[in-house]
Amino acid sequence: MIRILFQGDSITDAGRDRGNAGDLGRGYPLLVESTMGFEAPGEYQFLNRGIGGDRVTDLYARIKVDIINLKPDVMSILVGVNDVWHELKNGRDGVDEVKYFKIYSMLIEEIKAALPEVKIMILEPFVLKASATEEEWDTFRDEVHKRAKKAREIAEKYDLVFIALQDKFDEAAQKCPANYWLRDGVHPTPKGHELIKREWIKAYETMKIG
């Protein structure tokens, strides 16, 4: 059985019951399980350890209990928007792009050292203009793009699969308003989670697993 771990912030957390180790929340991890579990019954175990509000530093702080100890065969990471949002919201808790890259690198290196066979996918942080982002939109967009660039550089540095999402959401927002996909410009609606799920599965299918 292939063990798949989803890691990240509230976008991944998606309201999961943290008291239930098997709960996947109501977002893209659940949709991935629904699709892949239906198509290949009994072949996968899915785990979600995303935590709302997390920055890359928070993921690094819980690397042992929520990643290494779980021994996943495959994992995906989506983190970056809170590294920007926390700075804009309170002016003190953000993680700048240089530190983001440094801590992200440390995270990947330690995961690979402990779990040399694990396959890792890096999801691109994304943002659209809506209620939570419009007040400081130019700064919000620019800073999230800087983290997205660093996330791509992490994938290239360690030869990991990178899942581009910003362009996909930008294209989607040409069809329907931003809040149709991301209810506040950050958190996906069910349609936004479906978009992520489809890109996640396409990326997974490019990897040689097993």
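Filter the range 78-103 down to residues that are within 22 Å of GLU153 (Cβ to Cβ), of a type outside the set (D, E, K, R), without any contact (Cβ under 8 Å) to a residue 60 or more places away in the chain and out of contact with any Lys or Arg (no Cβ under 7 Å at 6 or more places or on another chain), then give me how many there are. Lay out the reasoning, then the answer.
Narrowing the range 78-103 to residues within 22 Å of GLU153 (Cβ to Cβ): 78-87, 94-103.
Within this subset, residues satisfying the condition of being of a type outside the set (D, E, K, R) are 78-82, 84-86, 94-95, 98, 100-101, 103.
Still in the list and also without any contact (Cβ under 8 Å) to a residue 60 or more places away in the chain: 86, 94-95, 98, 100-101, 103.
If we keep only those that are out of contact with any Lys or Arg (no Cβ under 7 Å at 6 or more places or on another chain) as well, we get 94, 98, 103.
The qualifying residues number 3.
State the number of residues belonging to the range 78-95 that are modelled with pLDDT under 95 and either touching a His at 6+ places or on another chain (Cβ under 9 Å) or not in a helix (DSSP H, G or I) (or both).
Adding up the residues that qualify gives 5.
Can you confirm whether GLY80 is within 25 Å of TRP181 (Cβ to Cβ) and either charged (D, E, K, R) or within 18 Å of the chain's Cα centre (by Cα) (or both)?
Details: within 25 Å of TRP181 (Cβ to Cβ): yes; either charged (D, E, K, R) or within 18 Å of the chain's Cα centre (by Cα) (or both): yes.
So GLY80 fits the description; yes.
Would you say MET75 is in a strand (DSSP E or B), closer than 16 Å to GLU153 by Cα and within 15 Å of the chain's Cα centre (by Cα)?
No; evaluated as a whole, the condition is false for this residue.
For the condition exposed (fewer than 15 other Cβ atoms within 10 Å of the Cβ) and among the β-branched types (Val, Ile, Thr), what is the one hit in VAL65, VAL32, VAL74, VAL56? It would help to see each step written out before you state the result.
Values: VAL32 fails: exposed (fewer than 15 other Cβ atoms within 10 Å of the Cβ); VAL74 fails: exposed (fewer than 15 other Cβ atoms within 10 Å of the Cβ); VAL56 fails: exposed (fewer than 15 other Cβ atoms within 10 Å of the Cβ).
After applying the criteria, what remains is VAL65.
Determine which member of the set GLU171, GLU117, GLU134, GLU156 is of a type in the set (D, E, K, R), farther than 19 Å from ASP83 by Cβ, in contact with a strand residue (DSSP E or B) (Cβ under 8 Å, 6 or more places away or on another chain) and surrounded by fewer than 14 Cβ atoms within 10 Å (Cβ to Cβ).
When all the criteria are applied, what remains is GLU156.
Evaluate the following for GLY37: is it of a type in the set (Gly, Ala, Ser), farther than 24 Å from LYS129 by Cβ and at pLDDT 95 or above? Show your work before the answer.
Numbers: of a type in the set (Gly, Ala, Ser): yes; farther than 24 Å from LYS129 by Cβ: yes; at pLDDT 95 or above: yes.
Here the answer is yes, as GLY37 does meet what is asked.
Has the range 125-147 got any residue that is under 27 Å from VAL65 (Cβ atoms), of a type in the set (A, V, I, L, M, F, W, C) and modelled with pLDDT of 95 or more?
We begin by selecting, within the range 125-147, every residue under 27 Å from VAL65 (Cβ atoms); these are 125, 147.
Next cut, of a type in the set (A, V, I, L, M, F, W, C) only: none.
Within the range 125-147, none of the residues are under 27 Å from VAL65 (Cβ atoms), of a type in the set (A, V, I, L, M, F, W, C) and modelled with pLDDT of 95 or more.
List every residue pair whose Cβ atoms lie under 7 Å apart, where the two residues are 6 or more positions apart in sequence or sit on different chains, the first residue falls within the range 137-157 and is within 21 Å of ILE111 (Cβ to Cβ), and the second residue, located anywhere, is in a helix (DSSP H, G or I) and of a type in the set (D, E, K, R).
Matching pairs, first to second residue: ARG147/ASP83; ARG147/GLU97; LYS150/GLU97.
Read through the list (1) in contact with a His (Cβ under 9 Å, 6 or more places away or on another chain); (2) within 24 Å of ARG141 (Cβ to Cβ), then give the number of the only condition that THR57 fails.
Status for THR57: all satisfied but (1).
Within the range 169-205, can you find the residues that are out of contact with any Phe, Trp or Tyr (no Cβ under 8 Å at 6 or more places or on another chain) and among the basic types (Lys, Arg)?
Answer for the range 169-205, where residues must be out of contact with any Phe, Trp or Tyr (no Cβ under 8 Å at 6 or more places or on another chain) and among the basic types (Lys, Arg): LYS175, ARG183, ARG198, LYS202.
The values are calculated or read from the model by the stated rules, or taken from the named source; none is laboratory data. None of the values given here were measured: they were computed from a predicted structure. Every residue, glycine among them, receives a Cβ derived from its backbone with ideal geometry; neighbour counts consider all protein chains shown.
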